[in-house]
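Have a look at the structure below before the remarks.
The values are calculated or read from the model by the stated rules, or taken from the named source; none is laboratory data. Note that the structure is a prediction, hence the values are computed from the model and not measured. Counting neighbours? That spans all protein chains shown, and the Cβs are built from the backbone with ideal geometry, glycine included.
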Amino acid sequence: MDSDVPSVKIDTTVPVSARIWNYWLGGKDYYPVDKEAGDQFAQLYPGIFDEARASRYFIARVVRYLAEEAGIRQFLDIGTGLPSHDNTHEIAQRVAPDSKIVYVDNDPLVLAHARALLTSNAAGSTDYVDADLNDPQALLRIARGKLDFSRPVAILLMGILAHIGNPEVDDDRAVQSIMATLKAALPSGGYLAIYDSSDVDPGLNDALHKYNESGADPYRVRRPDQIARYFDGLELVEPGVVPIQQWRPDHDPFDPPKNLTNLGGVARKP
Amino acid sequence: MDLPETRDSQTLSYEQAGPTAVRMLLGARLRKLREAAEVSREDAAQAIRGSESKISRLELGRLGFKPRDVSDLLDLYRVSEDERATLLTMAGHANTPGWWQPYGDAVPAWFSPYLGLEQAAETIRTYEVQFVPGLLQTPGYARAVLAIGADDNPGPDTEQQVDLRIRRQQLLYRPSPPRLWAVIDEAVLRRLIGDPSVARAQLAHLIEMAQLSHISIQVAPFSGGSRAAADGPVTLLRFPEAELPDVIYLEQHTTAVYLSKPAERLYYRNVLNRLVTEALPSADTEAILRQILREI
């Protein structure tokens, strides 16, 4: 039971990533400042609405794969975001009702929503961790109290790594070091699933440049090879690190995939 | 979306009040769809063999919907199959009298739209400073609360109102129940309503309800943030349809207000957001309730 109630304030003057995503995904939990930032972003990069939807489908396919084909029953979902349709525990528990999901975020509004709305069925469980990915040791310390790391665990990092570090300053060493810590903690037979935007679209890069100047928590895209490196040391599941809409798609194969910037993959720790 | 202020609700006859809420939501949606399809009221009227004023009244939720009319309008507005199904179902509900109709005068005219909306909601967020939220009250507690309203002299309606309140709670036991997310001020839990046995039963009931996965109860402690002191009770209803806006419901002693302007919705959603971030997490609730239970 965590009784420390930190003094929290919801800032409605600065856009917040989780709330902008809520806007792009057609939710009802954003503030005017988030809509404004989201619309401004979309002017420079109209593909963002497709990216947002594609990322939710990707998460759904990944979690289903992990639960169904990889037999994973423990999920550590870092960077939960505001509740959406088909949240991680709903997808996993549809396949395996006994799945246990631990949601991690450091935004008090996200955590409050998760605690109230991302709740489990009776057979499985959901739990919540207030932690910052910038301190992976502390995050893992809490997670170890909630999940059994002697058995397979899947760590999900969906669209969150670009909030960490600055690749222009340190060639992405900060994130690579966090990844090393997380991969070391992953038990054998555990999985790592990631997607993040890559820097392949000038429109997206411009939109992000402007967004990062708004006072919001910056989002810095990586080169495709930097994203691929997150999986170093693990065995990538087919088809590897690919544009997310091409990762084990389950709808009409004749529907030509749109050119999106998000790259994603799933890998197993040997 | 146009929801009635008190002034409007007086123009609704009691028999109409049940489906009113659904009608208002459906009407507001039809207006949006008509505007998006750039169809004039005149052309819409022609499609359903009616007048422009009939379209206006339908869009304000002041008339019942004939399924054929709705279907014709949806054709004209080129609405997707999915939404078409949802709206036609709503049109069906819009003509069904509410289950609370037999309760007669126990349901004030200003309250019945809320009952309809509550049934349709996917998420109910509520903040209470005086009493345990109605959906979580025991019959004994409800009776004691209603007795206060009746100057300690329960009127003939009291038992009916207790029944109504308990009947309302059935929505929490539906196969796909709405999520109830309540913040309750600590004062509510410590103030004795009725005799100690009533208070104890109510606290025990809250402990039990808080175990349900679709119910989340947070306590706003005396020691917590200042937010809790600044606002009165408020309820936010959210509907599963992406197109339908949240409804903010503010209940007073003899009337209620349904806020529909975007700025008002935003204000109260932010109030609730601040409350849920400042109140204790729901994981703490059971221990607090047990502590108070020991002290009674």
Handout entry: Output for segment B:94-113, where each listed residue is more than 16 Å from the chain's Cα centre (by Cα) and part of a loop (DSSP other than H, G, I, E, B)
Key = B:ASN95, B:THR96, B:PRO97
Exercise for the section: Select from segment A:112-123 the residues that are touching a strand residue (DSSP E or B) at 6+ places or on another chain (Cβ under 6 Å) and more than 8 Å from every other protein chain (Cβ to nearest Cβ) and write down the one among them that is surrounded by the most Cβ atoms within 10 Å (Cβ to Cβ). Expected result: A:ALA114
Exercise for the section: Evaluate the following for B:VAL257: is it more than 11 Å from chain A (Cβ to nearest Cβ) and surrounded by 14 or more Cβ atoms within 10 Å (Cβ to Cβ)? Expected result: yes
Fill in the blank from the handout: Selection from segment B:260-294 of residues without any contact (Cβ under 8 Å) to a residue 24 or more places away in the chain and more than 10 Å from chain A (Cβ to nearest Cβ) yields B:LYS261, B:GLU264, B:TYR267, B:GLN291, B:ARG294
Handout entry: Residue count, segment B:114-125 (criterion: part of a strand (DSSP E or B) and surrounded by 21 or more Cβ atoms within 10 Å (Cβ to Cβ))
Key = 2
Exercise for the section: Quick one: A:ASP98 ticks every box in (1) within 13 Å of chain B (Cβ to nearest Cβ); (2) touching a strand residue (DSSP E or B) at 6+ places or on another chain (Cβ under 9 Å) except a single one, so which number is it? Expected result: (1)
Exercise for the section: Could you check, for segment B:188-206, whether at least one of its residues is among the charged types (D, E, K, R), within 14 Å of chain A (Cβ to nearest Cβ) and at negative phi? Expected result: no
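Okay, residues lined up against (1) surrounded by 19 or more Cβ atoms within 10 Å (Cβ to Cβ); (2) among the aliphatic types (A, V, I, L, M); (3) in contact with a helix residue (DSSP H, G or I) (Cβ under 7 Å, 6 or more places away or on another chain):
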position	(1), (2), (3)
B:PRO196	no, no, no
B:GLU208	no, no, no
B:ILE215	yes, yes, yes
B:GLU243	no, no, yes
B:LEU250	no, yes, no
B:THR285	yes, no, yes
Exercise for the section: Check off (1) at pLDDT below 95; (2) more than 13 Å from B:VAL129 (Cβ to Cβ) for B:ARG191 and give me the number that stays unchecked. Expected result: (2)
Problem - Residue in segment A:225-234 that is among the small types (Gly, Ala, Ser) and closer than 21 Å to A:ARG56 by Cα present - result: yes
Practice task
Inspect all residues belonging to segment A:21-38 and state whether any of them is over 30 Å from B:LEU280 (Cα atoms), charged (D, E, K, R), buried (at least 19 other Cβ atoms within 10 Å of the Cβ) and touching a residue at least 60 places away in the same chain (Cβ under 8 Å).
Solution key: no
Problem - Verdict on A:GLY38 being more than 11 Å from chain B (Cβ to nearest Cβ) and in a loop (DSSP other than H, G, I, E, B) - result: no
Exercise for the section: Could you pull out the residue among A:ASP148, A:ASP132, A:ASP127, A:ASP107 that is surrounded by fewer than 18 Cβ atoms within 10 Å (Cβ to Cβ) and under 22 Å from B:GLU278 (Cα atoms)? Expected result: A:ASP132
Exercise for the section: Confirm whether B:SER226 is in contact with a helix residue (DSSP H, G or I) (Cβ under 9 Å, 6 or more places away or on another chain), within 13 Å of chain A (Cβ to nearest Cβ) and at pLDDT below 90. Expected result: yes
Handout entry: Index of the failed condition, A:ILE10 passing every other in (1) at pLDDT below 95; (2) more than 10 Å from every other protein chain (Cβ to nearest Cβ); (3) within 22 Å of B:GLU278 (Cβ to Cβ); (4) touching a helix residue (DSSP H, G or I) at 6+ places or on another chain (Cβ under 6 Å)
Key = (2)
Exercise for the section: Would you mind stating whether B:GLU81 is surrounded by fewer than 20 Cβ atoms within 10 Å (Cβ to Cβ) and farther than 30 Å from A:ALA112 by Cβ? Expected result: yes
Practice task
Considering each residue of segment B:173-187, count those that are within 14 Å of chain A (Cβ to nearest Cβ) and closer than 21 Å to A:SER120 by Cβ, and give that number.
Solution key: 8
Exercise for the section: Among the residues of segment A:248-270, write down those that are modelled with pLDDT of 90 or more, part of a loop (DSSP other than H, G, I, E, B) and either surrounded by 20 or more Cβ atoms within 10 Å (Cβ to Cβ) or of a type in the set (Phe, Trp, Tyr) (or both). Expected result: A:THR261
Handout entry: Residues of segment B:262-283 satisfying the condition of being surrounded by 16 or more Cβ atoms within 10 Å (Cβ to Cβ) and among the acidic types (Asp, Glu)
Key = B:GLU278
